[in-house]
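Here's the structure, in structure tokens; my notes come after.
The values are calculated or read from the model by the stated rules, or taken from the named source; none is laboratory data. On a predicted model such as this, the values are computed, not experimentally measured, just so you know. FYI the Cβ positions are ideal-geometry reconstructions off the backbone, even for glycines, and counts take in every protein chain you see.
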Amino acid sequence: MARYKDIFTNHPILDERYPFTEDAEKGVYLVRGKFKAIFNEDLPPDNPNSVDVAINLVRDFQLVEINWTKDKLILWAKDYVQMIKQQHQMNTIEQSNPFVLSFAHLVRWVSAKFRDFHFYRPPGEQTQTVIFCSFLEDEITPVFWYPKWSVVKEE
């Protein structure tokens, strides 16, 4: 099974159980998630705590929700650009321009719809990679937006 990991933490953040598409303009991989019921078998079924609801991607990859403001998003974006340039050794404008342009497009788009997004990171204390989450028009189906520069296929 193909697995994909975060380039900064090496933590798995995606695998082939979750088909994804690429949005080249925004530089992201799009993945649809699902809400899943998690049953606590130690509690009786009529106990309100016997069932918990979680998004499958969040649970399966131990993603941690981040409580962010728009200002924090912008500050993170500036740092992220530098980290990605360094990680991918983008030393010239020609090398970094495709990344910078698509990432700027993504950040502007997310900023404009900021209230529609939730933000996640891989487990741990580091916040280099941020995964954006919005919902389809049905307001039930979560869609995760993985910045493609943070994702590498495990060998």
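So here's what we get for this one:
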{"read-out": "Single residue of the stretch 79-113 satisfying the filter (buried (at least 17 other Cβ atoms within 10 Å of the Cβ), in contact with a helix residue (DSSP H, G or I) (Cβ under 8 Å, 6 or more places away or on another chain) and aliphatic (A, V, I, L, M)) that is nearest to S134 (Cα to Cα)", "value": "V110"}
{"read-out": "Any chance H118 is closer than 13 Å to L73 by Cβ and not hydrophobic (A, V, I, L, M, F, W, C)", "value": "yes"}
{"read-out": "Residue ID - nearest to T21 (Cα to Cα), chosen from residues in the stretch 33-92 that are aromatic (F, W, Y) and modelled with pLDDT of 80 or more", "value": "F61"}
